[in-house]
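The values are calculated or read from the model by the stated rules, or taken from the named source; none is laboratory data. Computed from a predicted structure; not experimentally measured. Heads up, the Cβs are rebuilt from the backbone with ideal geometry, glycines too, and the neighbour counts pull from every protein chain shown. To get the accessible areas, we keep the full protein, side chains included, count just its heavy atoms, and leave off ligands, DNA and RNA. Shrake-Rupley method; radii C 1.70, N 1.55, O 1.52, S 1.80 Å.
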Amino acid sequence: MTGLTRTVAAFVTETTYADLPDDVVQIAKRCMVDGLGVMLAGSREPCALIARRHAASFGGKAEARTLGAGSVGLPAPLAALANGIAGHALDWDDTALSLEPDRTVLIHPTMQPLCAALAVGDLLGVSGRDMLTAFVLGFEAQVKIAETMGADHFIYGRGFHTTGTIGVFGATVTASRLMGLSTEQTVHAIAIAATMSSGLGENHGTMAKPLNMGHAVESGVSAARLASMGFDGPATALEGERGFFATFGGGHDPSRMRGRLGDPWAIISPGTSVKPYPSGVVGHPGMDAMKALVSEHEVRPEEIARIVVRTGPSVIRPGPLRIAHAHTALEGKFCVAFQMAAIALRRKAGLAEFSDEFVASPVCQDMQGRVEVSIAQHIADLGKDRVVFEIDVLTTDGRTLTAKSEEHYRGGPRNPLTWDELCDKFRDCADPVLAPDRQTGILDMLSRLEEVREVRDLVTLAC
C-alpha cells in the first residue's frame, strides 16, 4: 500500500485546475481576499517591522516582495517569512475548526499557502490559475494532515501550535506545485518540511506566535527549493515509525486521509471561518452573544456589576484563550475577560479596541476585573469540536441578563460573511496602507484570478 507521504505528493502533482469544483475556486478567492487584507493591516505591526528589518539585514537577491507598509525585495524564503509574520500579526486570519469531537482548532489555513504562492509567484511570474491550483492544494494537504494527526498534538494536548507545525506542509505543497516539482521531488520536499516543523502554543499573546506562521512559510519555500535542487528525505516522513505523526502526535488515523484528499475538499468541509474580530476565533461566538445582550437591553457600562461567563475547555485553558487578564493588545487576543470588557464598554472589538492603549486603560482594566470565566462541565461534555458560551450580566440594580452563543457563529462555514462584508473588512484592513484605487484593483484581480496572466501584477498593487 502506498504510504501517506507519497499519497499526498501524488495528489499534489496529479491534480489540475480542471479538477477543482467551482465552489472550491470561489471560496479560495474569498480566502485570498481575507488573507491579503489582514496581511496588509499586519504589515504595520511592530513584529512585522522587525521581521522586515531582520530579513533585509541578510542582503541577497530581491526575488520577491513583501506586501503593504515598507515593502522590500528579498530572497523568496525571507519574503515569505516577513509576509507570514505580517499575516498573522493581528490574529485576524481565518481558522479551520474541526468537525470531530477530539479536537477544536485544526489550523489557520490560508496564510501559509497564500504567502508561499505570493513569494514563488513573484519569483517565477506564475499565472493566477496556477496560483489558485497551488493554493487549494496547499490548503487541502495541511488540513487533511491536521485531521489525520493524533489529537494529542494540539494545543490542549502536547501544546503544539498547528499553524506552525502543520502549516509548514501547506506552504511546502504550494511552493512545490508552483516550482513544478515531480512526485518524487514533492515527497522529498514534504520530508524536508517535516524535519523543519515547529511552533509552540506557549507563544500565544507574544510576537513569537506570528513567528510560528512566518517560520512555517519560510521553511515551506526553502523545503521546496531544496528538493528542486536534489536534496532528499525519507519517503515515510509523515507515517514512519519515527516520522512526523508518531513523534509529534503520538500516532495518526490513516482513514482520515486515505481516499479523502479532495473528497471532500477541506476548503468546503470542514471549511474555514473568516474572523469578524482580530482575535482567537473560539472567542467570537461569545463576543457576538455579549454584543447582542448589551444592545438588546441597552446596558451601560456603569450598570454592570459582574459578567459571568461559562464555556468549555476548547475555549479557555487548556484551550487557546488562556490569558486570565490582559494588559497588552497581544494578550487581549487570547483573553475572554478582555473581550467581554471591550464589548461591554464599546459594543465592538476592532483594531481600536485591540490596542495597547485601550487594553491598558483604567476603564478597561476595571471592567476586566468584573468578569468571571469558568469551564462548565455540561459544555465540556459536548466535545472539543463545540464552542459554546453562556453569559450572565448582573446589573447594579439587581437584574440578571442572560445570553447564549449561536450554534452557527458569524463568519463560519454555515454563516459566512457576504462578499460585500468581506470586501468591507478588506478595505478596513488596507485603508492605512493602500490608496482606494489600488484596493479596488486588488479586489477586481482576485475576483477573476483565473484570468490573470502574472501574479506579479497582484503583488505590485499590494506593495
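Below, the figures for the structure above:
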read-out: Looking only at the range 222-241, and only at residues there that are assigned to a helix (DSSP H, G or I) and under 25 Å from the mean Cα position of the chain (by Cα), the one that is farthest from Ser182 (Cα to Cα); value: Ser222
read-out: Per-region count, the range 150-187, residues in a helix (DSSP H, G or I), farther than 16 Å from Pro113 by Cβ and either among the hydroxyl-bearing types (Ser, Thr, Tyr) or open to solvent by 10 Å² or more (accessible area, probe 1.4 Å) (or both); value: 5
read-out: Residue ranges of helices (runs of 4 or more DSSP H) in the range 1-120 with at least 1 members within 17 Å of the chain's Cα centre (by Cα) and over 20 Å from Ala216 (Cβ atoms); value: 22-42
read-out: Number of positions in the range 420-463 that are β-branched (Val, Ile, Thr) and under 21 Å from Gln26 (Cβ atoms); value: 4
read-out: Residues of the range 59-70 that turn out to be in contact with a strand residue (DSSP E or B) (Cβ under 9 Å, 6 or more places away or on another chain) and over 17 Å from Pro46 (Cβ atoms), as a count; value: 6
read-out: Residue within the range 273-285 that is open to solvent by 40 Å² or more (accessible area, probe 1.4 Å) and at pLDDT 95 or above present; value: no
read-out: Where a residue in the range 1-24 is without any contact (Cβ under 8 Å) to a residue 40 or more places away in the chain and its partner, wherever it lies, is surrounded by fewer than 18 Cβ atoms within 10 Å (Cβ to Cβ), with Cβ under 8 Å and at least six apart; value: Thr2/Ala10
read-out: Filtered residues of the range 46-82 (kept if open to solvent by 30 Å² or more (accessible area, probe 1.4 Å), without any contact (Cβ under 8 Å) to a residue 40 or more places away in the chain and farther than 30 Å from Gly283 by Cβ); value: Arg53, His54, Ala56, Ser57, Phe58, Gly59, Gly60, Lys61, Ala62, Gly70, Val72, Gly73
read-out: Which listed residue, of Ile145, Ile190, is farther than 22 Å from Ala119 by Cα, among the β-branched types (Val, Ile, Thr) and either buried (at least 24 other Cβ atoms within 10 Å of the Cβ) or in contact with a Pro (Cβ under 6 Å, 6 or more places away or on another chain) (or both); value: Ile145
read-out: Identity of the residue in the range 385-399, out of contact with any helix residue (DSSP H, G or I) (no Cβ under 8 Å at 6 or more places or on another chain) and assigned to a loop (DSSP other than H, G, I, E, B), that ends up nearest to Leu106 (Cα to Cα); value: Asp385
read-out: Within the range 83-134, tally of residues that are among the polar types (S, T, N, Q) and surrounded by fewer than 24 Cβ atoms within 10 Å (Cβ to Cβ); value: 2
read-out: Test result for Phe358, open to solvent by less than 50 Å² (accessible area, probe 1.4 Å) and under 18 Å from Val274 (Cβ atoms); value: no
read-out: Test result for Gly412, under 24 Å from Thr133 (Cα atoms) and modelled with pLDDT under 95; value: yes
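Rundown of residues vs (1) closer than 27 Å to Met207 by Cβ; (2) of a type outside the set (Ser, Thr, Tyr); (3) under 19 Å from the mean Cα position of the chain (by Cα), yes/no style:
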residue	(1), (2), (3)
Asp253	no, yes, no
Arg256	no, yes, no
Gly262	no, yes, no
Ala266	no, yes, yes
Pro270	no, yes, yes
His297	no, yes, no
Ile316	yes, yes, yes
Ala341	yes, yes, no
Leu351	yes, yes, yes
